[in-house]
C-alpha cells in the first residue's frame, strides 16, 4: 500500500466530493458529472487518480463503466490517521507561534485548540 499516494489522491476537494458520493453507492462518470457539476472529462481525470491510488475500482456494465469505492483502502488512511493522533501526547498542546515553528502552549487562554475550551 502506498499511503502517500492515497493521501495525495484525497487531497483535492473535487476528489473528496467524488469519494463521498461513491461512499453511498456506485456511479458511472455521467452520473458523477451531474452530481458534482463538472464535465465528464474532468470527472474521468479525477477517477483516474483515484484508481491509480487504488481508492476506487471500475466495473464495466454494458456500455457504461461504474465506479465503486474501495472501502478497505479508505480504512487504511483512517487507521493511519488514528494511530498518528494517538502518538500525540495528551498533556502537550502544540500551538503554532508562527508558520515555521511549533511550541507547547505557554498561555492557554490564547490557545485556540479544543483542549482548553
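Sorting 14, 36 on the 10 Å Cβ count, fewest up front, what's the list?
Working: 14 14, 36 18.
By the 10 Å Cβ count, ascending: 14, 36.
Taken over the C-alpha atoms, the stretch 3-73 has Rg and Dmax values of 11.0, 34 angstrom. Among 86, 57, the order by Cβ neighbours within 10 angstrom, fewest to most, reads 86, 57. Hey, quick one: spin label on residue 85, modelled 7 Å out along Cα-Cβ, who in the stretch 1-43 has an amide N within reach, i.e. under 15 Å? Within reach of a label on residue 85: no residues.
Laboratory data are not the source of any read-out in this text; all were calculated from the coordinates shown. Keep in mind the model is a prediction, meaning the values are calculated, not measured. FYI the Cβ positions are ideal-geometry reconstructions off the backbone, even for glycines, and counts take in every protein chain you see.
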